[in-house]
Amino acid sequence: MLLVTIVLYKKKIVNSSTLLGLIESKSVFNANGCKLLLVDNSPETLNEIDLKTLHTTFINFEYKHFPENKSLASIYNEFIKGYSNATSFEYLVLLDDDSKVSVDFINTIISTIETNYDVPLLLPIVYNNKIIVSPALDYVAFTRRFKQVKPGRISSKFITAINSGMVISLKYIKKIKFHYDESLTNYGTDDYFMKHYRYNNKSVIVMPYKFTHSLSFFDNDELDVKIKVFKACRNSKIILYKDNFFHYSLALFYAICSSLKQSVKYRTIKFLYVN
């Protein structure tokens with residue numbers, strides 16, 4: 001029923017809150033015919049002990065290793081190409097390796113699908129440092145956070161969300177022939193999908209499920225990492241709205257203002273660099 005995908009980077013099972021949560025959920029996971037597709041973007045392959053654990057834990061498990069560190073956009077496109085025609089799975093579940101999902105996650109997805117089969121996208125409520133980061137409202141030049149979100153059907157107008165936890169109908173992906181713009185690399189794929197989703201659908205389902213998730217920019221104290229993530233996110237916004245001159249202008253204006261703001265905050269002009 002569910003094709004659950006995790007993109008792993010330089011982590012073992014013990015370091016991945018996502019894998020640990022799914023292992024705890026193995027009974028319901030296996031009972032419902034779910035498949036775990038683990039994509040490892042690390043330079044080195046996952047150790048044999050961890051691989052054996054995953055193979056014995058999940059009845060349907062597949063491991064793919066990309067030591068060249070493929071972009072998220074290209075990885076997600078491979079999922080779509082390989083599974084959009086598969087009859088064994090109806091939904092694609094996207095997960096990062098640092099989302100603290102519990103044993104209720106799979107059950108909540110299945111029960112929500114049963115009562116909202118007509119809506120092709122389900123979203124969990126995601127927190128970072130006690131702040132709701134997904135879903136959120138995307139106004140091109142800035143993002144507005146919700147103070148609270150009620151589960152259920154909501155309008156998709158202006159709605160965006162992070163990748164981790166998205167539950168997407170494979171039938172919907174096939175119907176609209178969706179694929180990611182691979183110039184986005186590792187950031188902006190979530191906003192890209194949501195932009196297309198808003199165009200095609202009037203509503204989205206918020207699941208009665210919450211989890212915490214790590215965000216690279218806010219949860220890392222290394223300045224070089226912050227700069228790298230910031231520039232990637234900034235550039236993805238510009239790519240995202242390149243098809244609309246007005247929105248592109250807003251995104252470009254926001255990029256300049258936010259770059260200046262971060263440069264002042266962290267006292268470095270590196271945030272102003274284009275690449």
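Consider V93 carefully, then state whether it is surrounded by 13 or more Cβ atoms within 10 Å (Cβ to Cβ) and at pLDDT below 90.
no
Taking every residue in region 225-239 that is free of Cβ contacts under 8 Å to residues at least 40 places away in the same chain and pairing it with any residue that is surrounded by 17 or more Cβ atoms within 10 Å (Cβ to Cβ) and outside any helix (DSSP H, G or I), at least 6 positions away or on another chain, the pairs with Cβ-Cβ distances below 7 Å are V225/S216.
Every residue in region 112-136 that is open to solvent by less than 20 Å² (accessible area, probe 1.4 Å) and free of Cβ contacts under 8 Å to residues at least 24 places away in the same chain, please. Across region 112-136, the qualifying residue is only I132. Scanning region 126-147 for residues that are assigned to a strand (DSSP E or B) and more than 30 Å from N244 (Cα to Cα) yields Y127, N128, I131.
Residues in region 169-204 that are β-branched (V, I, T) and surrounded by fewer than 21 Cβ atoms within 10 Å (Cβ to Cβ) were compared, and the one that is farthest from K100 (Cα to Cα) is I176. For region 52-77, name all the residues that are part of a helix (DSSP H, G or I) and either touching a residue at least 60 places away in the same chain (Cβ under 8 Å) or surrounded by 15 or more Cβ atoms within 10 Å (Cβ to Cβ) (or both). Scanning region 52-77 gives T53, L54, T57, L72, A73, S74, I75, Y76, N77.
So if I check each of I23, I49, which one is surrounded by fewer than 16 Cβ atoms within 10 Å (Cβ to Cβ), in a helix (DSSP H, G or I), without any contact (Cβ under 8 Å) to a residue 60 or more places away in the chain and among the aliphatic types (A, V, I, L, M)?
On the way: I23 fails: surrounded by fewer than 16 Cβ atoms within 10 Å (Cβ to Cβ).
Only one candidate passes the filter, namely I49.
The combined condition, being touching a residue at least 24 places away in the same chain (Cβ under 8 Å), out of contact with any Leu (no Cβ under 6 Å at 6 or more places or on another chain) and within 21 Å of Y76 (Cβ to Cβ), is not fulfilled by H196.
Looking at region 227-273, which of the residues that are closer than 17 Å to G188 by Cα and part of a loop (DSSP other than H, G, I, E, B) is least open to solvent (accessible area, probe 1.4 Å)? Among them, the one singled out is Y241. Could you tell me whether any residue of region 91-105 is within 23 Å of P124 (Cα to Cα), basic (K, R) and under 17 Å from the mean Cα position of the chain (by Cα)? Yes.
Give K35, K100 a once-over and let me know the one that is buried (at least 19 other Cβ atoms within 10 Å of the Cβ) and basic (K, R).
Values: K100 fails: buried (at least 19 other Cβ atoms within 10 Å of the Cβ).
The conditions single out K35.
So for region 148-166 (the condition being in a strand (DSSP E or B), open to solvent by 10 Å² or more (accessible area, probe 1.4 Å) and closer than 22 Å to K81 by Cβ), does at least one residue qualify? So far as region 148-166 goes, no, none of its residues is in a strand (DSSP E or B), open to solvent by 10 Å² or more (accessible area, probe 1.4 Å) and closer than 22 Å to K81 by Cβ.
The values are calculated or read from the model by the stated rules, or taken from the named source; none is laboratory data. Note that the structure is predicted; figures quoted are calculated from it, not measured. All Cβ positions, even for glycine, are placed from backbone atoms using ideal geometry, and neighbour counts span all protein chains on display. Ligands, DNA and RNA are excluded from the accessible area calculation, which covers all protein heavy atoms including side chains. Shrake-Rupley method; radii C 1.70, N 1.55, O 1.52, S 1.80 Å.
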